[in-house]
Amino acid sequence: MLAPFAPDAEWRAALKRAPRRFFIPDAALASADRWIDKRADPQAWAAAVADDSPIVTQIDDGDTPLTAETARRATEQTCACSAPSVVFAGLGALDLRAHHRVLEVGTGTGWTAGLLAARLGDAGVTSIEVDPALAATAVANLDRVGLSPRLVVGDGAAGWSDGAPFDRVHVTCGVRSVPGAWIEQTRPGGVIVLPLDAEFGTGLITRLDVLDDGTAIGRFVGEAWYMRMRTQRDVRAEWPWKNELDGEISTTRLDPHTIAPVHGGAVGVWLSARLRNVDALSWAPDSDGLIVHWLLESGPRAESWAAVDYRPGAARFEVEQYGPRRLWDEAEAAYLGWLRAGRPGLERLGITVTAGGDQRFWLDSPDRPIR
């Protein structure tokens, strides 16, 4: 969970200059799948905007119009105005000074770009957005509050070299691997704050301090889930279980719920460090209480998968594994390794990132990598 963040006087002033309501469309999908329509029910719309919850503003990369009907059956939610507590936790981690120049990756609705511009001035903020339609909407939203930071349409993974070096990089989309361009375009001593979409079902707001050797080291501010950067979404020819090949059957005494992706947090980071290129998901229980936990190798050449059946009251649970990797065996060994290390919490874990794309999780200090 995120630690509460109380905006300081300067952030409160920025919020008055760029209130959230100017960045929310008249019709959108609020939390708990509540459709809000300013024209039909202005009070419900205003309450949702004031709530500390995300509001979805785009689905299916804009290919499907957002309506009350389509919102609930969308293939993917692809843009949202994040919950204020999450927004200010990320902004607070930037540790801004008045002279700083900031690159924001993922303009979205334009709200955080507006908050940054209200705090630093328009000239101090560059925001990049891959979707031209979202960028155009952000421009209109910012115009409504009289702010005009530099907005660039392009792939945020490449940063914006024309404006480098930046003092801060603020990222508003989940990333599995930190692009080297962000490190290269941040001056030594600068800070990158991003939602790290760790591989094993964990979303983490992460603060990285950039060093002078092409690396960045950091720790985790708290948990938060963001929509994945478009260029880092999973790419598979097909899901591994569709190969219709039977896996090797075994059993385990370890409760599969223990390693379920919903746990996240420190154990999610530990598993992400040990199980590279692996996704986790779970089916909802059937009428008999059966829940299937899946581990799936990710990437275009994914071959391996594992499925573990949880049955209430069972002494042992059936495991099926296929491919060159035995993913359940890897996950079980990693989890037991976390226990043997004394169940270290999120505050003891960190990450080192290189401009070349290498990411290493560590315990207590960078010279103690998690293996």
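The calculated 222 nm mean residue ellipticity attributable to helices in the chain amounts to -6500 deg cm²/dmol, summing -39500 (n - 2.57) over DSSP H runs of n ≥ 4 and dividing by all residues.
Using the crude model of +1 on Lys and Arg Cβ and -1 on Asp and Glu Cβ, and no other charge, please compute the dipole size for the range 96-152 relative to its Cα centre, in debye to 20.
Details: 5 positive and 5 negative charges, 53 e Å.
Roughly 260 debye, rounded to the nearest 20.
Of the residues A71, P25, A46, the one whose Cα sits farthest towards the positive end of the charge dipole of the range 1-73 is A46 (charges of +1 on Lys and Arg Cβ, -1 on Asp and Glu Cβ, taken about the Cα centre).
Within the listed set L349, L254, L208, the Gaussian network model of the chain (springs between alpha-carbon atoms below 10 Å) gives the highest mean-square fluctuation for L254.
Spin-label model, R17 to R144: label points 7 Å out along the Cα-to-beta-carbon direction sit 1.9 nm apart.
Within the shell defined by Cβ-Cβ distances under 11 Å, the residues around P7 carry a net charge of +1, with Lys and Arg each +1 and Asp and Glu each -1.
Expressed as a whole number of Å, what is the distance separating the alpha-carbon centroids of the range 98-159 and the range 266-309? Here the two parts' Cα centres lie 36 Å apart.
What Kirkwood Rh does the chain have if only Cα atoms enter the pairwise 1/r average? Answer in Å. Could the numbers behind the result be given before it?
Values: mean 1/r = 0.0457 Å⁻¹.
This gives a value of 21.9 Å.
When only the Cβ of Lys, Arg, Asp and Glu is charged (+1, +1, -1, -1), the dipole of the range 259-333 relative to its Cα centre reaches about 280 debye.
In the chain, the longest principal axis of the Cα atoms and the axis of helix 84-93 are about 80 degrees apart. Computing FRET efficiency as 1/(1 + (r/R0)^6) for D246 and S287, where r is the C-beta to C-beta distance and R0 is 25 Å, gives about 0.50. Taking the Cα centre of the chain as origin, work out the dipole magnitude from +1 charges on Lys and Arg Cβ and -1 charges on Asp and Glu Cβ, in debye rounded to 20. Here the size comes out at about 1040 debye. Relative to the dominant Cα principal axis of the chain, helix 265-274 is inclined by about 70°.
Think of the range 281-371 as a dipole: +1 on every Lys or Arg Cβ, -1 on every Asp or Glu Cβ, centred on the Cα centre; then among A315, L363, A284, L363 lies furthest on the positive end. Taking amide H positions as modeled 1.01 Å from N, with prolines and chain starts lacking one, the residues under 5 Å from G174 and 5 or more places away or on another chain are Y226, M227, R228, M229.
Highest GNM mean-square fluctuation among L147, L271, L115, for the chain modelled with Cα contacts below 10 Å: L147. In this simple spin-label model, placing a label point 7 Å from the Cα along the Cα-to-Cβ direction at both E10 and A136 gives a separation of 3.6 nm.
Which trypsin sites (Lys or Arg not before Pro) in the range 64-153 pass both tests, a DSSP loop state and at most 11 other beta-carbon atoms within 10 Å? All intermediate terms of the calculation are to be shown ahead of the outcome.
Numbers: sites: R72, R73, R97, R101, R119, R144, R150; in loops: R72, R73, R97, R101.
Sites meeting the loop and neighbour criteria: R72, R73, R97.
Here the Gaussian network model covers the chain, with springs between Cα atoms less than 10 Å apart; of G108, G174, G214, G214 fluctuates the most.
Read-outs throughout are calculated quantities, based only on the coordinates presented, and are distinct from any laboratory measurement. Quick caveat: nothing in here was measured; it's all calculated off a predicted structure. Every residue, glycine among them, receives a Cβ derived from its backbone with ideal geometry; neighbour counts consider all protein chains shown.
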